[in-house]
Amino acid sequence: MQSDFRNKNVLIIGMARSGIAAAEALLKLDCTVTVNDSKPEQKLEGLEPIKGKCFFELGCKPDGLLDGKDLIVISPSVPPYIPALEEARRRNIPVLTEIELGYRLCEGVPVAITGTNGKTTTTSLTGQMFRDAGRKNYVVGNIGIPYTAYALEATPEHTMVTEISSYQLQCIEQFHPRVAAMLNITPDHLDRHGGMEGYIEAKRRIFMNQTTDDFAVLNYDDPTVRAMAEQIKAKTVFFSRKEELKEGVFVKDGELIFKYGAVSAVVCRIEDIYIKGPHNLENAMAATAVAMLMGISAQSCAYTLKNFRGVEHRIETVDTVNGVTFINDSKGTNPDSTEKAIQTMTAPTVLLLGGYDKGGSFDELIGCYTDNIRYTVVLGATKDKIIKALNDAGVKEYTAADTFEEAVMAAYKAAKPGWNVLLSPACASWDMFADFEQRGRVFKEIVKRIKENEAAVKN
């Protein structure tokens, strides 16, 4: 209820996009807002909408800022158990995540999508299905648009199509999606969650507030995800790329089938789905399940599947220079995601690998190299760790780079006409960039410069 938050004295910790959006929403409810971040103001972007409206406490820790506060709101990047938050809880000051705040302020009906890989594509595809069907919706969450950005605008007729990460799920309290989808589970963010069990438990929280009136969409082909059905109150709807199911979303005779309750429909032929690859087929299945469980027709879903072009930074073809095709998969922030990108490569490829270390292993990724991976350029904080994995696997065709631009240039020089240069780092970006989006944009800028320089040489 919006009235529960009106006129509160609020501290917001973390001034990235979600923190700024939370501040804007709370200001509209006549709250007194103090914003905090360990970074100084000159290193933060996007603060203009809240300048002169909030109290700025930037470039410092939040420890001394709790006095008089009615509520603490934290951004996803803020660990939930830092000393200041533990002290807030001792004082009985509520601590909410930005997505929890958005949910409580919002009248729209959430559907939520999580998993290790495929979240952004599936969420974007689902949102497009709603738009193509003429259904009011906002696409929000971990996709880069904070929930609070539209929380006050949404009506009960709106669906909040939400990408939600393990960081965001870690501290939800009331967040209750009508349909929740779990795409897959592979090791990721182990540094934050203290290991695989903690990571799985955070992901599983997406179902915690669902009832028997709700739906849980699960990947039947992933044993960890399939096993979650035993602990879920919601009605379970599986999807499978590998098996024909009695009920759920599956493939039969080259067709995508939806079958649940009284509804049984051929959605479309698999070959007609625009986004290609086994992983995208799974994403298409999950999106179809979510959309059809929310009342969207098979015909409308088929239209979207045939026309949806994918998302930026996910196996995105950037340009071709002297016969070398550059592919931006900056969204590949863990080994499993990069493995999926590798599987889509149909030409010899130079792989750009490395970045911030999230605590995972690269051994299985290197072991999954196809014959098309001809050369690897290694960079970032994980450089030495990846080099060890390459050496242990007997991979000799690689080099290391100190800077991102140096890495891209080395990859271009190693590639031959007809080859690909694939940026799919299998790591987060935080050692060099603010996020994977900035990394992807810089990659595209470097490719543009390479093309311009090559053209100048020819002229």
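The values are calculated or read from the model by the stated rules, or taken from the named source; none is laboratory data. Values in this document were obtained by computation on a predicted structure and should not be read as measured data. Every residue, glycine as well, gets a Cβ built from its backbone with ideal geometry; the counts of neighbours run over all protein chains shown.
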Checklist outcome for this item: Scanning region 5-22 for residues that are crowded, with 24+ Cβ neighbours inside 10 Å and in a helix (DSSP H, G or I) gives 18, 19, 20, 21, 22
Checklist entry - Within region 339-361, is there a residue that is without any contact (Cβ under 8 Å) to a residue 12 or more places away in the chain and among the small types (Gly, Ala, Ser)? => result no
Checklist outcome for this item: Selection from region 271-289 of residues crowded, with 18+ Cβ neighbours inside 10 Å and farther than 18 Å from residue 238 by Cβ yields 273, 275, 280
Checklist entry - Just to be sure, is residue 107 without any contact (Cβ under 8 Å) to a residue 24 or more places away in the chain and more than 25 Å from residue 275 (Cβ to Cβ)? => result no
Item to check | Matching option when the condition is in contact with a Lys or Arg (Cβ under 9 Å, 6 or more places away or on another chain) and not β-branched (Val, Ile, Thr), among 207, 258 | outcome: 207
Checklist outcome for this item: Note: among 276, 259, just one is modelled with pLDDT of 95 or more, closer than 22 Å to residue 184 by Cα and outside any helix (DSSP H, G or I), namely 259
Checklist entry - What about residue 333, is it of a type in the set (S, T, N, Q), touching a helix residue (DSSP H, G or I) at 6+ places or on another chain (Cβ under 8 Å), buried (at least 17 other Cβ atoms within 10 Å of the Cβ) and not in a helix (DSSP H, G or I)? => result yes
Checklist entry - How do the pairs read when you match residues in region 442-454 that are in contact (Cβ under 8 Å) with a residue 24 or more places away in the chain with residues anywhere that are of a type in the set (Asp, Glu) and not in a helix (DSSP H, G or I), using Cβ under 7 Å and keeping only pairs 6 or more apart or on different chains? => result 447/319; 451/319
Checklist entry - Does region 434-447 contain any residue that is closer than 18 Å to residue 314 by Cα, touching a His at 6+ places or on another chain (Cβ under 9 Å) and not in a helix (DSSP H, G or I)? => result no
Next on the checklist: Please go through region 273-302 and give me each residue that is touching a residue at least 24 places away in the same chain (Cβ under 8 Å) and among the polar types (S, T, N, Q), ordered by number.
Outcome noted: 280, 283, 288, 297, 300
Checklist entry - Is at least one residue of region 395-402 surrounded by fewer than 18 Cβ atoms within 10 Å (Cβ to Cβ), assigned to a helix (DSSP H, G or I) and under 30 Å from the mean Cα position of the chain (by Cα)? => result no
Checklist outcome for this item: Residues of region 403-433 being more than 17 Å from residue 330 (Cβ to Cβ) and assigned to a loop (DSSP other than H, G, I, E, B), in sequence order, are 415, 416, 417, 418, 419
Item to check | Candidates 125, 96, filtered to the one that is more than 19 Å from the chain's Cα centre (by Cα) and not in a loop (DSSP other than H, G, I, E, B) | outcome: 96
Item to check | region 198-245, subset among the small types (Gly, Ala, Ser) and out of contact with any helix residue (DSSP H, G or I) (no Cβ under 7 Å at 6 or more places or on another chain), residue nearest to residue 176 (Cα to Cα) | outcome: 229
Item to check | Scan of region 57-72 for residues that are under 17 Å from residue 30 (Cα atoms) and either of a type in the set (S, T, N, Q) or assigned to a strand (DSSP E or B) (or both), ordered by number | outcome: 71, 72
Item to check | helices (runs of 4 or more DSSP H) (entirely within region 133-224) containing at least 3 residues that are surrounded by fewer than 23 Cβ atoms within 10 Å (Cβ to Cβ) | outcome: 190-193, 196-204
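So if I check each of 265, 341, 298, 302, which one is of a type in the set (Gly, Ala, Ser) and under 19 Å from the mean Cα position of the chain (by Cα)?
Matching residue, one of 265, 341, 298, 302: 341.
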Checklist outcome for this item: Pairing a residue in region 77-92 that is closer than 19 Å to residue 39 by Cβ and in the same structural domain as residue 64 (by TED's automatic domain parsing) with any residue that is in a helix (DSSP H, G or I) and of a type in the set (Asp, Glu), where Cβ atoms lie under 8 Å and the two sit 6 or more apart in sequence or on different chains, gives 83/63; 84/63
